[in-house]
Amino acid sequence: MVQSLRMVARLAALVAALVSVALVPNVALATDTEESMPGVVDLDSSNFDTVVTGAKGAFVEFYAPWCGHCKHLAPEFKKLGAAVTADASLRSRVTIGKVNADTHRALGQKFGVQGFPTLMYFPRGVRPTSDKDAVPYNGARSAGAIADWIRDQLADDEDFARVADLDELAIDFLAGKQGDALEGAQAYAAGKTGDEKANAEAYVAIMKKIIDKGSEYPAKERARLGRVLASGSVAADRLQAMRRKHSVLGAFVDDEE
């Protein structure tokens, strides 16, 4: 009789434990690969080419809803989207996206996806057409590890804020066509929004500084900003603006100097 009571008690405890797990919402959400995740763009054949353009870097997961490893990654990918959204230095430079490559198989085939999940980073500056334009990610599958890896990829891209059309105007500006170049840069900035506008406005501000302070300003200011950035002492709220300015100043400095 005592043994039977103990068995009943154990079964009751087990049932209670299972019920408590079922009632925790995050357990269900953690394995939902198709959940809408803040900071993560759902990509498919209709929007991939308009989102992953090369204007910014892009870190993309190709997944299948039935894939166990994809379900395990889902909560970390959700954390990654939130982390990038909260970090201005990442948000303005990289897009986080995911593709249901089981449904959109042509898109997966385009980038050589052969298993799930496949994680790829598409660097800024190239409009991707195949997996040759991507850097595969094979590191730890945690939000922190992926974010750190993305930062490493971005660290080498000092030209992230450069704009080809405005670089041409910078050349004209340095060649003596200051008025026309400044006017052109202002017109370009007026037609943009978001990060594109911020990048263009950096060109305008630097042109005005050169007019005010002289031709030596770009090289001296870029060197100064380089030292400050290397010190690691820049406040988070100033870091992205400083990096942007350092990047755009490169358009006004001779690399051989």
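What follows is calculated from the coordinates using simple rules that are stated; it is not laboratory data. Please read these numbers as outputs of a predicted model, since none were measured by experiment. Every residue, glycine as well, gets a Cβ built from its backbone with ideal geometry; the counts of neighbours run over all protein chains shown.
Data table
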| read-out | value |
| --- | --- |
| Positive minus negative residues near Gly184 (Lys, Arg vs Asp, Glu; Cβ under 11 Å) | -4 |
| Hz values of 3J(HN,Hα) by residue in the stretch 237-250 - Karplus curve (6.51, -1.76, 1.60), Gly and Pro given as x | 6, 10, 4, 5, 5, 5, 5, 4, 5, 4, 5, 5, 4, x |
| Fewest-first sequence of Arg224, Arg244, Arg93 by Cβ atoms within 10 Å of each Cβ | Arg224, Arg244, Arg93 |
| Sorted by Cβ density within 10 Å, fewest first, the residues Val60, Val41 | Val41, Val60 |
| Derived scalar couplings ³J(HN,Hα) [the stretch 57-73; Karplus, 6.51 cos²θ - 1.76 cosθ + 1.60; whole Hz; x for Gly, Pro] | x, 9, 10, 10, 9, 9, 9, 10, x, 8, 6, x, 5, 5, 5, 5, 6 |
| Fraction of beta bridges assigned by DSSP in the stretch 42-144 that are antiparallel (%, nearest 5) | 45 |
| Principal axis dimensions, the chain - Cα atoms, whole angstrom, descending | 100, 43, 31 |
| Share antiparallel - DSSP beta bridges, the chain, percent rounded to 5 | 40 |
| Per-residue Cβ neighbour rank within 10 angstrom, fewest leading, Met207, Met120 | Met120, Met207 |
| Measure of compaction for the stretch 150-257 (Cα Rg per 2.2 N^0.38 Å) | 1.05 |
| Vicinal HN-Hα couplings computed from phi for the stretch 207-223 (Karplus, 6.51 cos²θ - 1.76 cosθ + 1.60; Hz; Gly/Pro x) | 4, 5, 5, 5, 4, 7, 10, x, 5, 7, 4, x, 5, 5, 5, 5, 5 |
